[in-house]
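Just so it is clear, none of the values below were taken in a lab; they were calculated from the coordinates. Fair warning: this is a prediction, and the values are worked out from it, not measured in the lab. Because the Cβ atoms are built from the backbone with ideal geometry, glycine has one as well, and the counts that use them run over all protein chains shown.
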Ligand SMILES: [Zn+2]
């Protein structure tokens with residue numbers, strides 16, 4: 001079979017809400033806080049649920065809670081999806097249709113800027129690169145352009161197939177630990193919006209530390225749940241007795257299962273022996289520019305217009321919606 005490398009603009013853009021998958025309910029498990037191990041929490045509200053997954057069972061069963069000790073947010077009880085269900089959750093309709101501006105930002109400008117930061121902090125030349133939960137492989141593409149040996153891991157066969165046809169790279173299909181990469185194998189590892197999708201992100205951080213070289217660097221970006229926009233919408237939700245959780249957004253359940261702040265991300269890194277070399281809070285100021293115009297109608301349009309000043313102010317106050325961190329092995333793991 002001949003694999004043709006596609007140009008960046010030929011990356012697939014998946015249509016939204018094209019089908020509603022039949023999802024069997026997951027197994028649920030009562031969990032302790034994945035970050036600090038405490039079992040004391042306050043209920044924040046019921047999760048907002050993506051339209052195509054709305055079923056009474058899922059909304060009745062799960063609450064979003066906040067750990068009373070460290071402030072970590074998580075679903076309780078925690079749904080545990082198997083690989084078959086994940087294939088349906090992360091299918092063709094996961095990525096919404098993007099605006100031209102956001103597509104260029106997401107596929108090209110962001111990965112380039114982030115890989116620059118990895119090169120800046122690495123204590124060795126980067127030769128081997130892994131994108132975990134690679135989606136459509138935007139990090140992989142940028143890494144290929146730097147001449148690195150590029151690997152990818154993904155649970156969704158839809159995305160793995162898309163990366164193979166676009167970049168000619170065989171992505172490992174399955175959970176990260178199943179790939180059994182050798183100890184300290186990678187000089188750079190890249191996770192764009194992955195940790196918040198996992199029932200226990202600490203398990204993955206431990207595996208990442210095992211496979212990252214001692215001189216290597218790890219890039220992570222996650223949603224900041226301490227963002228101004230989340231705090232204000234929490235107050236509004238409480239005042240209006242809506243009962244819905246303002247956190248684990250902007251993506252809703254069942255995608256996001258846990259939620260970090262800068263503080264809980266630092267605690268998590270400490271616990272597994274990662275040093276935070278850089279932690280930046282970005283704004284997400286241009287939310288309205290992310291979606292193609294036809295997507296922004298009715299309620300979504302009004303919500304976007306109302307929340308826009310909060311994104312802008314949040315950026316000014318260091319309370320933006322996106323956390324970006326560069327990590328390395330801690331010299332003296334605590
Ligand atoms: Zn905790």
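Nearest 0.05, what FRET efficiency do residue 276 and residue 241 give at R0 = 35 Å with Cβ-Cβ as r? Mind dumping the intermediate values first?
On the way: r = 38 Å, r/R0 = 1.10.
Efficiency for this residue pair is about 0.35.
Distance from a point 7 Å along Cα→Cβ of residue 185 to each backbone N in segment 210-235: keep the residues under 18 Å and list them by number.
The answer is 210-219.
With Rg and the Kirkwood Rh both taken from Cα atoms, where does Rg over Rh land for segment 85-329? Present the calculation step by step, with values, prior to reporting the outcome.
Details: Rg = 17.9 Å, Rh = 18.7 Å.
Dividing the radius of gyration by the Kirkwood radius yields 0.96.
Using a 10 Å cut-off on Cβ atoms, rank the peptides 265-276, 234-245 from the highest mean neighbour count down. Kindly include the intermediate steps, with their values, before the conclusion.
On the way: 265-276: 18.8, 234-245: 13.6.
My ranking of the peptides, most packed first, is 265-276, 234-245.
Work out, step by step, the length gained on full extension between residue 330 and residue 301: first 0.36 nm times the residue separation, then minus their alpha carbon distance; give nm to one decimal.
Values: separation 29, 0.36 × 29 = 10.44 nm, distance 4.46 nm.
Fully extending the segment from residue 330 to residue 301 adds 6.0 nm.
Mind ordering 307-319, 67-79 by average Cβ neighbours within 10 Å, highest first? The partial results should precede the final answer.
Numbers: 307-319: 16.9, 67-79: 20.2.
Peptide ranking by packing, descending: 67-79, 307-319.
To the nearest 0.05, what FRET efficiency results for residue 206 and residue 116 with a Förster distance of 25 Å applied to their C-beta separation?
Working: r = 27 Å, r/R0 = 1.09.
That gives a FRET efficiency of 0.35.
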